[in-house]
1. At 7 Å along the Cα-to-beta-carbon direction for both Ala81 and Glu153, put a label point, then send me their distance in nm to one decimal.
2. Place a point 7 Å from Cα of Lys6 in the direction of its Cβ. Which residues in segment 99-121 have their backbone N less than 20 Å from it?
3. Taking +1 at the Cβ of each Lys and Arg and -1 at the Cβ of each Asp and Glu, which of Ala92, Ala50, Phe66 sits farthest along the dipole of segment 1-116 towards its positive end, judged by Cα position relative to the Cα centre?
4. Take the alpha carbon gyration tensor of segment 46-97, find the square roots of its eigenvalues, order them as a ≥ b ≥ c, and report rounded if a/c is under 1.5; if not, report prolate when a/b exceeds b/c, else oblate.
5. If I fit a long axis through the Cα atoms of helix 19-30 and take the longest principal axis of the Cα atoms of the chain, what angle between them do I get, 0 to 90°, rounded to 10?
6. Take the alpha carbon gyration tensor of segment 192-274, find the square roots of its eigenvalues, order them as a ≥ b ≥ c, and report rounded if a/c is under 1.5; if not, report prolate when a/b exceeds b/c, else oblate.
7. I'd like the orientation of helix 121-134 relative to the chain: the angle between its Cα long axis and the longest Cα principal axis, in ° from 0 to 90, rounded to 10.
8. Can you give the calculated 222 nm mean residue ellipticity of the chain, where each DSSP H run of n ≥ 4 adds -39,500 (n - 2.57) and the sum is split over every residue, rounded to the nearest 500 deg cm²/dmol?
Amino acid sequence: MIDLSKMQGRRFAVMGLGLSGMVAVEALAASAVDVVGGDDMPERCKNAAARGIPVAPLMDQDWSSFDSLILSPGIPHTYPAPNPVVQAARDAGVEIVGDVELLVRAQPEARYIGITGTNGKSTTTALVAHILSESGVRVAVGGNLGQPALSLEALDGEGIYVLEMSSYQLELTPSVAFEIAVLLNLSPDHLDRHGGMNGYICAKYRIFEQQDSNGIAVIGVDDSDCYGLFDKLTAERSGKVVPISFADAMDGGVYTSGTNLIDATGDTPRQVCSLDGINTLLGAHNAQNAAAAY
C-alpha cells in the first residue's frame with residue numbers, strides 16, 4: 001500500500017466505496033490523514049464501517065472543511081449530471097481528483113507509463129509490464145487493470161508504474177506526466193459520461209497533455225479519430241511521436257506487415273519479430289497491441 005503521510009494536514013473525502021475507493025480510504029487512514037468515506041449504496045457503507053473505515057453521509061458534511069474529494073471513476077462528475085456529492089464539493093471549491101492522482105503525488109520520483117484506448121488497453125498494459133519485468137525492470141501494474149493504484153508497492157525512483165487508464169481516470173488525474181503515453185484506438189464508448197464523442201476524444205487525449213519534450217507519445221493511426229490526434233500531436237509538440245498501425249507502413253513508426261512486426265523509427269525499417277504462432281496475440285487488434293508494447 002502507498003504511504004500517503006505527506007498528505008497529512010489536509011482533509012479528504014472519498015466518494016465511492018468499491019475496490020479502489022476502499023483502498024483509498026484505507027491508505028489515507030493508515031497514513032494518519034483525516035479522511036471520511038461515503039457511497040450512495042448503504043450496503044457498501046455498512047461493509048466499509050465493519051472494516052473500521054470511517055464512513056459518514058457525505059451530503060451532510062460541511063464541504064468548506066475539506067481540501068480534496070477522491071472520486072471513484074464510475075461516479076459521474078460532469079455528464080449526464082454530476083453526482084450531488086460532487087456538485088456540493090465543487091460548489092465549495094474543493095479539489096476533485098482520483099486515486100491515481102494521489103499515487104502520482106505520493107511517488108513523484110517514480111517513472112510512469114500510461115496506456116489507454118477503447119479496446120486493447122488491458123492486453124497492452126499486461127504485455128508492456130511483462131516485457132519490462134523480463135528485462136529486469138522493477139514494475140508495478142494497476143490503474144484500471146487489476147490492483148487499485150494505491151494498493152501497489154512503493155517504487156520511488158527504482159521502477160516503473162505501468163498504468164491502464166480509462167477515460168474517467170484520465171479526467172481525474174490532472175498532474176501525471178507519463179514518460180511514455182499510449183493511445184491505441186478510438187471508437188464510440190461511454191458517450192453518455194462525456195457529453196458525446198468529442199468529449200470522449202478529449203478525455204483520452206489527456207494522456208498526452210502533461211508530457212514534456214522528453215516524453216514519448218505512441219498512438220494508433222488505424223481509425224480516423226486517432227489519426228486526427230496524431231496530426232495534432234505532431235503539429236503541436238517537440239517530443240517524439242510514434243505512430244503504430246496494423247494496416248499500413250508508417251514512416252517513423254512501428255507497424256505489422258503480414259505477421260511481421262516492423263520497426264521504422266530509424267533510418268531503415270527492420271523486422272523485429274514474427275507474431276506467427278503466438279496464440280495470445282492472434283488477430284489484427286493484437287498486432288496493434290504488440291506494436292504499441294514494442
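No lab work stands behind these numbers, since they all come straight from the coordinates. Please read these numbers as outputs of a predicted model, since none were measured by experiment. Glycine also receives a Cβ, built like all others from the backbone with ideal geometry; neighbour counts cover every protein chain displayed.
1. Taking the simple label geometry, Ala81 and Glu153 are separated by 4.7 nm.
2. Residues 99-114 qualify, since their backbone N sits under 20 Å from the label point.
3. The Cα lying farthest towards the positive end belongs to Ala50.
4. Values: a/c = 2.09, a/b = 1.39, b/c = 1.51.
Judged from the Cα gyration tensor, segment 46-97 comes out oblate (a/c at least 1.5, b/c at or above a/b).
5. For 19-30 against the chain, the angle is about 60 degrees.
6. Numbers: a/c = 2.76, a/b = 1.57, b/c = 1.75.
Cα axes put segment 192-274 in the oblate bin.
7. 80 degrees
8. -9500 deg cm²/dmol
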